[in-house]
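Just so it is clear, none of the values below were taken in a lab; they were calculated from the coordinates. Since the model is a prediction, treat every value here as computed from it, not as a measurement. Glycine gets a Cβ as well: all are built from the backbone with ideal geometry, and neighbour counts include every protein chain shown.
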Amino acid sequence: MTYPSRAVVNLTAIRHNVANLRARTDAELMAVIKADGYGHGGIAVGRAAVDAGATWLGIAQVGEALALRAELPAVPVLAWLYSPSTDVRGAITGGIELSLSAPWAIEHVAAAAADVGRRARVHLKVDTGMARGGVRPEHWEEFVRQARGTRGLEVVGIWSHLARADERECDTTATQLGIFTDALERAERLGVRPEVRHLAASAGTLWHPGTHFDLVRTGVSMYGMAPDGSDPAALGLVPAMRLEAELINVKEVPAGTPVSYGHTATVGPTLVGVVPLGYADGVPRQASNRGAFVTVNGERADVVGRICMDQFLVDLGAESAARSGDVARLWGPFAGEGAAGGRPTVDDWARAAATINYTITTQVGARVPRVNVEETWS
């Protein structure tokens, strides 16, 4: 290795999580591997998920979908983000299914289908309460008629997205389910009977079985994180990433030593260690001096001072035996380690940065090597 850090991705954990989620539903399972598999490596994760029984792959950007199709040609793939300037002809010839979320998309995709001489398989999206993608309910029937009557399109899916399914007792999910069910009924009256109806993502899959329909889309949970930031072990999920780096400097400092930019923290007498990861690698700068920590040789070391672009400092403690070259673990399990018991987690870093868990893994930079392993983690 020429880089002193690594994101260790456990494909065994991915398979375990997919099997766990499949056991919770009678619906088919779409493994969502957008954003390079939430930072874990989309192609490797996609293969592992399919091995464990995922029958669909979901990805946001059409460009991502084209790269995926080259590696996994036989699995149905849905892509949902493109603009009026996006060339979708390659997606259609590659058999990638496309979401139609606005009236302009109907004409755009139909024109591309005509250019390549192939029908486009499309999923119509209804806005059930996110005000994001999809057509509002009052315009739904007009949209369905337009899509159904447009040459070159084959409507194979209807879908939507839940806004608050991670809030387990929130009434919004039931409201959205009612809007979605009504949209399905209205589409059927217009002659559209889709092959797949899908509404639930990870939170819906875990806690709202009435939203499962024909297909569930599992993203964050597949990577061993709970959608609501709770303990994934309680759901039988195993974190699939460990981020670690070798200390590149360890030094003794006296009492009152200021550290890093702006001297926002002082330490000592103690040993400080330099971890060669920073915000350019996805370590959130906003977690500076907010309780984030690593472990070195099983011992906790708090992050001190401002996190820099390529490195940050930890307080190893005056009695530490740590040396340069020892591994600092930012988050994730080791093989055979057992229950969490004090190890740093993605959720610890998310709380320190005032964000959600999967922003942490998604932002791990491309220059950090991904190392795939097959290990037993818990």
re the chain: pairs of Cα atoms spaced beyond 36 Å account for a percent value of 31
Selection from 16, 269, 192 lying farthest towards where the dipole of the chain points positive, charges on Cβ: 192
Just report the Cα centroid separation between segment 292-358 and segment 249-284, whole Å. 13
Segment 156-201: trypsin sites (Lys or Arg not before Pro) falling in loop per DSSP and having at most 16 other Cβ within 10 Å: 164, 168
State, as an integer percentage, the relative contact order of the chain based on alpha-carbon contacts under 8 Å between residues 6 or more apart. 18
Cα-Cα pairs above 15 Å in segment 332-376: how many percent? 57
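Note down the relative contact order for segment 10-224 as a percent, whole number, built from C-alpha pairs under 8 angstrom at least six residues apart.
Numbers: 422 pairs, mean separation 43.9, N = 215.
Relative contact order here is 20 percent.
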Segment 27-142 - percent relative contact order, Cα under 8 Å, separation 6 or more: 18
Sort 170, 308 by Cβ crowding within 10 Å, fewest neighbours at the top. 170, 308
Pull up the DSSP beta bridges for the chain and report the antiparallel fraction as a percent, rounded to 5. 50
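Would you mind computing the Rg to Rh ratio of segment 1-102 from its alpha-carbon coordinates, Kirkwood style for Rh? Could the numbers behind the result be given before it?
Values: Rg = 14.7 Å, Rh = 14.4 Å.
So for segment 1-102, dividing Rg by the Kirkwood Rh gives 1.02.
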Based on DSSP H runs of at least 4 residues, each adding -39500 (n - 2.57), what is the mean residue ellipticity at 222 nm of the chain after dividing by all its residues, to the nearest 500 deg cm²/dmol? -7500 deg cm²/dmol
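Average the reciprocal distances over every distinct pair of alpha-carbons in segment 116-244, invert the result, and give the Kirkwood radius in Å.
15.9 Å is the Kirkwood radius here.
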Please report how far the C-alpha centroid of segment 90-138 lies from that of segment 206-241, rounded to the nearest whole angstrom. 27
